[in-house]
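Following: one structure in structure tokens, then a few remarks.
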Amino acid sequence: MKIIAFGASPSKNSINKKLATYAATLFENAEVEVLDLNDFQMPIFTVDVEPAIGQHELAKAFLAKIATADILVVSMAENNGNYSAAFKNIFDWCSRITGKVFQEKPMLLMATSPGARGGASVLEIAKKAFPFYGGNVKATFSLPSFDANFDVEKGEISSVELRKKLQKLITDNF
């Protein structure tokens, strides 16, 4: 089984990438590939730019990565209550190639933030929207207060209760 995981943030120290990477390790017998959104930087999508560029090669490459997955593990960064601009731009370019960006792949959809709501706003937006774009959302998970609940040195959720909750979601849904 192959898992494609990514944090929907361009930050080099993305807490969402750390959460997605950790969550992907909880799947048994899985080959994991972690994507970095910085590898898919494209001009800001507009209908004016699209005719000159056509289907951007990096959008095709992102879709090709998703195509190799059996499961997607995605952790959404929350910027002002919504998607990060970097993720939205990749998503916009990809959606011009295919409306089913997530290709009906089973998905663990997550979010985290330094705050107590753990990216709840963006998680709710993505949970409602992604099924329209081929996202087969099997489970969602929000990690509140990242700094208090994630051990960066160990690369894992430090809260026993939250760690068990995430593992149960994976066991029950995948």
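The values are calculated or read from the model by the stated rules, or taken from the named source; none is laboratory data. All values derive from a computational prediction rather than experimental measurement. Heads up, the Cβs are rebuilt from the backbone with ideal geometry, glycines too, and the neighbour counts pull from every protein chain shown.
State which residue is surrounded by the most Cβ atoms within 10 Å (Cβ to Cβ) when the search covers only the range 22-45 and only residues that are over 22 Å from L58 (Cα atoms) and not charged (D, E, K, R).
Among those that are over 22 Å from L58 (Cα atoms) and not charged (D, E, K, R), it is A23.
Provide a single number: the residues in the range 153-171 that are among the β-branched types (V, I, T), surrounded by 18 or more Cβ atoms within 10 Å (Cβ to Cβ) and farther than 20 Å from S14 by Cβ. First the steps, then the outcome.
Just the residues of the range 153-171 that are among the β-branched types (V, I, T), to begin with: 157, 160, 170-171.
Filter again for surrounded by 18 or more Cβ atoms within 10 Å (Cβ to Cβ), leaving 157, 170.
Narrowing further to those that are farther than 20 Å from S14 by Cβ: 170.
Of the residues in that region, 1 qualify.
Counting just the residues of the range 108-119 that are farther than 18 Å from F27 by Cβ and in contact (Cβ under 8 Å) with a residue 40 or more places away in the chain, which one comes out nearest to the chain's Cα centre (by Cα)?
Start the filter on the range 108-119 by keeping residues that are farther than 18 Å from F27 by Cβ, which leaves 111-119.
Filter again for in contact (Cβ under 8 Å) with a residue 40 or more places away in the chain, leaving 111-114, 119.
Working: A111: 8, T112: 11, S113: 14, P114: 17, G119: 12 Å.
The residue in question is A111.
Which numbered condition trips up G81, out of (1) closer than 19 Å to K127 by Cβ; (2) surrounded by 14 or more Cβ atoms within 10 Å (Cβ to Cβ); (3) touching a residue at least 40 places away in the same chain (Cβ under 8 Å)?
Of (1) closer than 19 Å to K127 by Cβ; (2) surrounded by 14 or more Cβ atoms within 10 Å (Cβ to Cβ); (3) touching a residue at least 40 places away in the same chain (Cβ under 8 Å), only one is false for G81: (2).
What's the total number of residues in the range 26-37 that are in contact with a strand residue (DSSP E or B) (Cβ under 7 Å, 6 or more places away or on another chain) and not aromatic (F, W, Y)?
7
Take the conditions outside any strand (DSSP E or B), touching a residue at least 24 places away in the same chain (Cβ under 8 Å) and either out of contact with any helix residue (DSSP H, G or I) (no Cβ under 8 Å at 6 or more places or on another chain) or surrounded by 15 or more Cβ atoms within 10 Å (Cβ to Cβ) (or both) and apply them to D48. Does it pass?
The answer is no for D48.
Please list, ordered by first then second residue, the pairs with beta carbon atoms under 7 Å, 6 or more apart or interchain, first in the range 85-107 and farther than 26 Å from F174 by Cα and modelled with pLDDT under 95, second surrounded by fewer than 19 Cβ atoms within 10 Å (Cβ to Cβ) and not acidic (D, E).
none
Looking at F174, F132, F150, can you tell me which residue is more than 15 Å from L72 (Cβ to Cβ), crowded, with 19+ Cβ neighbours inside 10 Å and more than 14 Å from the chain's Cα centre (by Cα)?
Among F174, F132, F150, only F150 is more than 15 Å from L72 (Cβ to Cβ), crowded, with 19+ Cβ neighbours inside 10 Å and more than 14 Å from the chain's Cα centre (by Cα).
Please name all residue pairs, on different chains or six or more residues apart, with Cβ atoms under 6 Å, provided the first residue is in the range 1-30 and is without any contact (Cβ under 8 Å) to a residue 60 or more places away in the chain and the second residue is part of a loop (DSSP other than H, G, I, E, B).
A30/M1
Going by the structure shown, is A86 closer than 15 Å to A5 by Cβ, of a type in the set (A, V, I, L, M, F, W, C) and surrounded by 14 or more Cβ atoms within 10 Å (Cβ to Cβ)?
no
Looking at the range 124-136, can you tell me whether even one residue there is outside any helix (DSSP H, G or I) and more than 18 Å from Y83 (Cβ to Cβ)?
Checked against the condition, which is being outside any helix (DSSP H, G or I) and more than 18 Å from Y83 (Cβ to Cβ), the range 124-136 yields at least one hit.
Quick one: G81 ticks every box in (1) at pLDDT below 95; (2) in contact with a strand residue (DSSP E or B) (Cβ under 7 Å, 6 or more places away or on another chain) except a single one, so which number is it?
(2)
Given the residues L72, L109, L19, L58, which is the only one that is surrounded by 19 or more Cβ atoms within 10 Å (Cβ to Cβ) and assigned to a helix (DSSP H, G or I)? Outline the logic, then answer.
Details: L72 fails: assigned to a helix (DSSP H, G or I); L109 fails: assigned to a helix (DSSP H, G or I); L58 fails: surrounded by 19 or more Cβ atoms within 10 Å (Cβ to Cβ).
L19 is the lone residue from the list that is surrounded by 19 or more Cβ atoms within 10 Å (Cβ to Cβ) and assigned to a helix (DSSP H, G or I).
Just a yes or no: is a residue in the range 41-48 in contact with a Cys (Cβ under 9 Å, 6 or more places away or on another chain), closer than 13 Å to D92 by Cα, of a type outside the set (D, E, K, R) and modelled with pLDDT of 95 or more?
Taking the range 41-48 first, the residues in contact with a Cys (Cβ under 9 Å, 6 or more places away or on another chain) are none.
There is no residue in the range 41-48 that is in contact with a Cys (Cβ under 9 Å, 6 or more places away or on another chain), closer than 13 Å to D92 by Cα, of a type outside the set (D, E, K, R) and modelled with pLDDT of 95 or more.
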